[in-house]
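Working notes for the structure below.
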Amino acid sequence: MRLSSFLTPTQKVAAKKVIYPLMRIVTGTKKINTQYSFVEFKKPGYHTYFGYYDVTPFQGEKIIYIEREKNNAVCKVVLNDVHNSSKRYIADSRAWNWQQGIRLRWFPQTNNTISFNDYIDGKYINRIINIETKDEKRLDWPLYDIDSRGKLGITLDFGRLGVMRPGYGYTCEPYKVNDLWNDGISIIDIEKNQLIRTITYKELSDSIKKADDINHFYLNHLAFSPDGTKFLFFWIDENNGRHQASLGVYDIIKDELIPLETEGKASHYVWDGNEEIICTVLNDPRLERFYRYNIKELTKKQICPTSLQEDGHPSFYTKNILLADTYPDTRGFQHLFLVNEKEDTKTELVKIYSVPTFKEETRTDLHPRFSEDKKYISFDSRHDGFRKMLILNFEK
């Protein structure tokens, strides 16, 4: 039995804070190891990062991200370029978290408009701002995702998410339990600023997981399909200290809920077209694997059994080639790599040191994201103790 089995989570982190630096020094390994050039985005005393991997900070050579001074409740929205040569501040936001930021993104089908969540006048909202004209539209809901046309948004109770899964929701105000049976995933008409439909906890419970008591359930990870006709979601059970995340899909056109994974623990995802999803799932004997789900045929197939044997945040480089990452290894290094699904081989792009943190909520995942032209990769880092954003020049 490993010594770590006898340590508390806090003791494990304390041990890592001693062991990881020593291992790095003994092996003579640099903090950042890559053959590619990169640019660091940072500010002393500030955490600099973008957020989750399922949206991108890039629009051409322009990038957006957030800066938050240590212990400050407000973060700043930053506009810059990939060379870090044209930085300027656009707005502030109070609705931030460690893992997903403020759900900052470029608004679809526009050149100079951004979208992000905020907390203003005692309410969580979404702000859509033209960075050149400063024109602004405000929605009465914070948004989790926006369809590719910029017509529909989807949202959930970010206050509940902030309590049930620290680091993913918002905690600007004390959480008050709503009527959960009638709460759920809401679809928003962005142009009209109107609620179209709520898929309720009762509907989700009936379809995905039977639950007599839904108080220990919550929702996370909403993501539209590329054509915007469907979205995926996680239905998560936190009863008695367990964390079981089911993967489901809602078909907007058919008004149909489709369970895809209800036994294993779903973790991270990426759409491959409009009918397939690749998702990491933890199954017995407690091994994390990547699976391809087909929505029409309701099939599940493991991919890359040799190359992909641990959890990561996947996205596509080209058809059948995935970009993915890892959590820190036994020496404290995270890895960023490409995987060829057909050949089941992988190529490492970056190995980077990660300073341990005492709180799981504040861990820094790489969350890699491609630019649209695949010339650049953005990822977050904690190799010096503060969050930074790095842009890797991937142009061959």
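The values are calculated or read from the model by the stated rules, or taken from the named source; none is laboratory data. This is a predicted model, so every value here is computed, not measured. Methodologically, a virtual Cβ is constructed for each residue, glycine included, from the backbone with ideal geometry; neighbour enumeration extends over all protein chains shown.
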If the Cβ limit is 8 Å and pairs must be 6+ apart or interchain, which residue in region 286-300 that is within 13 Å of Asn274 (Cα to Cα) pairs with which residue that is part of a loop (DSSP other than H, G, I, E, B)?
Asn294/Glu275; Ile295/Glu275; Lys296/Glu275
From the list Leu282, Leu287, Leu308, Leu257, pick out the single residue that is touching a helix residue (DSSP H, G or I) at 6+ places or on another chain (Cβ under 7 Å) and either hydrophobic (A, V, I, L, M, F, W, C) or at pLDDT 95 or above (or both).
Leu257
Of the conditions (1) surrounded by fewer than 18 Cβ atoms within 10 Å (Cβ to Cβ); (2) in contact (Cβ under 8 Å) with a residue 60 or more places away in the chain; (3) closer than 21 Å to Trp271 by Cα, the single one that Ile185 does not satisfy is (1)
Could you tell me how many of the residues in region 270-314 are surrounded by 18 or more Cβ atoms within 10 Å (Cβ to Cβ), part of a loop (DSSP other than H, G, I, E, B) and of a type in the set (Ser, Thr, Tyr)?
1
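Lys209 - would you say it is surrounded by fewer than 18 Cβ atoms within 10 Å (Cβ to Cβ), within 24 Å of the chain's Cα centre (by Cα), of a type in the set (Lys, Arg) and assigned to a loop (DSSP other than H, G, I, E, B)?
Here the answer is yes, as Lys209 does meet what is asked.
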Just for strands (runs of 3 or more DSSP E) wholly inside region 113-201: which have at least 3 residues that are within 19 Å of Ala91 (Cβ to Cβ) and under 20 Å from the mean Cα position of the chain (by Cα)?
113-120, 123-130
Six or more apart or on different chains, Cβ under 9 Å: which pairs go from a residue in region 324-352 that's closer than 20 Å to Arg369 by Cβ and at pLDDT below 95 to one that's among the acidic types (Asp, Glu) and part of a strand (DSSP E or B)? Could you list them?
none
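Tally up the residues in region 49-71 that are of a type in the set (S, T, N, Q) and either closer than 14 Å to Thr362 by Cα or more than 13 Å from the chain's Cα centre (by Cα) (or both), please.
Of the residues in region 49-71, 2 are of a type in the set (S, T, N, Q) and either closer than 14 Å to Thr362 by Cα or more than 13 Å from the chain's Cα centre (by Cα) (or both).
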Within region 59-86, tally of residues that are more than 23 Å from His383 (Cα to Cα) and not acidic (Asp, Glu)
7
Do you know which of the residues in region 375-396 that are in a loop (DSSP other than H, G, I, E, B) and in contact with a Ser or Thr (Cβ under 8 Å, 6 or more places away or on another chain) is nearest to His83 (Cα to Cα)?
Arg387
